[in-house]
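Visitor: Sharing a structure with you now.
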Amino acid sequence: MDNLALQCRCGQIKGRAIKVNPADGTRVICYCKDCQAFAHALKAGAEVLDEQGGTDIYQLPPARLQIQQGLEQIRCLRLSEKGLYRWYAGCCNTPIGNSLAPRVPMIGLIHSFIVDPEREAKLGPVRACVNLRGATGQIPKSQLDAAPARGYVGKLMLKILVWKLSGQGRPNPLFSTKGQPLASPHILSPGEKL
Ligand SMILES: [Zn+2]
Ligand SMILES: [Zn+2]
């Protein structure tokens, strides 16, 4: 198992993911419209989204995310009152990742925050392409065959349960122990959505 280097574009926020194992199979590409809206809100669509509007995300439990520098630069955005907590770098608008809710022990790290030169080897292949209805183009069949959406939700629920039971929900660098987000979320108004 390895550490994975994390950094925002300008370098003010630095961190790492620990105990990264390519056999874990927690890397997905999400094609949902909300992930696209988040990237566009940060004017990072070209950097983050693939040709079909997908976002490459590495899922891990909060205890395996360590922010070593620049924690105070992290900002939170939500696309609606009940939307995911979507994290980004206030210093340079780099998309960082998302959390479903304070008590759900899972963080989805967006590839734009993963700067490790050995990223591909450390993370292993994409295991699932999900929320395909939001795709903006035809996803290559070879990609869908290699990383099918089928079975994804069940596997993810199981992982979250294992992470919870093994105490990996804490510490969570993005929420206080009372469940308060690190930065108060800015709820995107309809006019701010592209
Ligand atoms: Zn930055
Ligand atoms: Zn998504």
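Visitor: Could you tell me which of the residues Lys164, Lys178 is surrounded by fewer than 14 Cβ atoms within 10 Å (Cβ to Cβ), charged (D, E, K, R) and away from ligand 1 (no atom under 16 Å from the Cβ)?
Guide: Just a single option satisfies the conditions, and that option is Lys178.
Visitor: Of all residues in segment 75-98, which are within 13 Å of Leu174 (Cα to Cα) and near ligand 1 (Cβ under 10 Å from one of its atoms)?
Guide: Hits for segment 75-98 are Tyr88, Ala89, Ile96.
Visitor: Could you list, in sequence order, all residues of segment 167-194 that are among the small types (Gly, Ala, Ser) and in contact with a Cys (Cβ under 6 Å, 6 or more places away or on another chain)? It would help to see each step written out before you state the result.
Guide: Start the filter on segment 167-194 by keeping residues that are among the small types (Gly, Ala, Ser), which leaves 167, 169, 176, 179, 183-184, 189, 191.
Of everything in segment 167-194, just one residue is among the small types (Gly, Ala, Ser) and in contact with a Cys (Cβ under 6 Å, 6 or more places away or on another chain), namely Ala183.
Visitor: Let me ask something else about it. Just a yes or no: is a residue in segment 142-152 in contact with a helix residue (DSSP H, G or I) (Cβ under 7 Å, 6 or more places away or on another chain) and open to solvent by 20 Å² or more (accessible area, probe 1.4 Å)?
Guide: Initial filter on segment 142-152 (in contact with a helix residue (DSSP H, G or I) (Cβ under 7 Å, 6 or more places away or on another chain)): 149.
Right, trim to open to solvent by 20 Å² or more (accessible area, probe 1.4 Å) and you get 149.
Scanning segment 142-152 turns up at least one residue that is in contact with a helix residue (DSSP H, G or I) (Cβ under 7 Å, 6 or more places away or on another chain) and open to solvent by 20 Å² or more (accessible area, probe 1.4 Å).
Visitor: So which of Ala121, Ala135, Ala149 is within 16 Å of ligand 2 (Cβ to nearest atom) and more than 26 Å from Gly191 (Cβ to Cβ)? Please lay out each step first, then the result.
Guide: Working: Ala121 fails: within 16 Å of ligand 2 (Cβ to nearest atom); Ala135 fails: more than 26 Å from Gly191 (Cβ to Cβ).
So the residue among Ala121, Ala135, Ala149 that is within 16 Å of ligand 2 (Cβ to nearest atom) and more than 26 Å from Gly191 (Cβ to Cβ) is Ala149.
Visitor: A follow-up question, please. Return the total of residues in segment 70-127 being open to solvent by 10 Å² or more (accessible area, probe 1.4 Å) and among the aromatic types (Phe, Trp, Tyr).
Guide: Count: 2.
Visitor: Continuing with this model, one more query. Of (1) farther than 16 Å from Leu84 by Cα; (2) touching a helix residue (DSSP H, G or I) at 6+ places or on another chain (Cβ under 8 Å); (3) open to solvent by 10 Å² or more (accessible area, probe 1.4 Å); (4) within 14 Å of ligand 2 (Cβ to nearest atom), Val28 satisfies all except one. Which?
Guide: (3) is the only condition that Val28 fails.
Visitor: Related question: Which residue, of Asp50, Asp34, is within 14 Å of ligand 2 (Cβ to nearest atom), more than 13 Å from Gly97 (Cβ to Cβ) and without any contact (Cβ under 8 Å) to a residue 40 or more places away in the chain?
Guide: Numbers: Asp34 fails: without any contact (Cβ under 8 Å) to a residue 40 or more places away in the chain.
The unique qualifying residue is Asp50.
Visitor: With Ala63, Ala23, Ala44 as the choices, which residue is open to solvent by 50 Å² or more (accessible area, probe 1.4 Å), of a type outside the set (D, E, K, R) and out of contact with any Leu (no Cβ under 9 Å at 6 or more places or on another chain)? Quick ask: steps written out before the conclusion?
Guide: Values: Ala63 fails: open to solvent by 50 Å² or more (accessible area, probe 1.4 Å); Ala44 fails: open to solvent by 50 Å² or more (accessible area, probe 1.4 Å).
Selected residue: Ala23, the only one of Ala63, Ala23, Ala44 that is open to solvent by 50 Å² or more (accessible area, probe 1.4 Å), of a type outside the set (D, E, K, R) and out of contact with any Leu (no Cβ under 9 Å at 6 or more places or on another chain).
Visitor: Identify the residue in segment 11-20 that is open to solvent by less than 70 Å² (accessible area, probe 1.4 Å) and out of contact with any helix residue (DSSP H, G or I) (no Cβ under 6 Å at 6 or more places or on another chain) and, among all such residues, is nearest to ligand 2 (Cβ to nearest atom).
Guide: Taking segment 11-20 and keeping what is open to solvent by less than 70 Å² (accessible area, probe 1.4 Å), we get 11, 13, 15, 17-18, 20.
With out of contact with any helix residue (DSSP H, G or I) (no Cβ under 6 Å at 6 or more places or on another chain) added as a condition, the list becomes 11, 15.
On the way: Gly11: 27, Gly15: 22 Å.
Here the answer is Gly15.
The values are calculated or read from the model by the stated rules, or taken from the named source; none is laboratory data. Since this is a predicted model, take the numbers as computed values, not measurements. In this analysis, Cβ positions are derived from the backbone assuming ideal geometry, glycine residues included, and neighbour counts consider all displayed protein chains. These area figures cover heavy atoms from the full protein model, side chains too; ligands, DNA and RNA do not enter into them. Shrake-Rupley method; radii C 1.70, N 1.55, O 1.52, S 1.80 Å.
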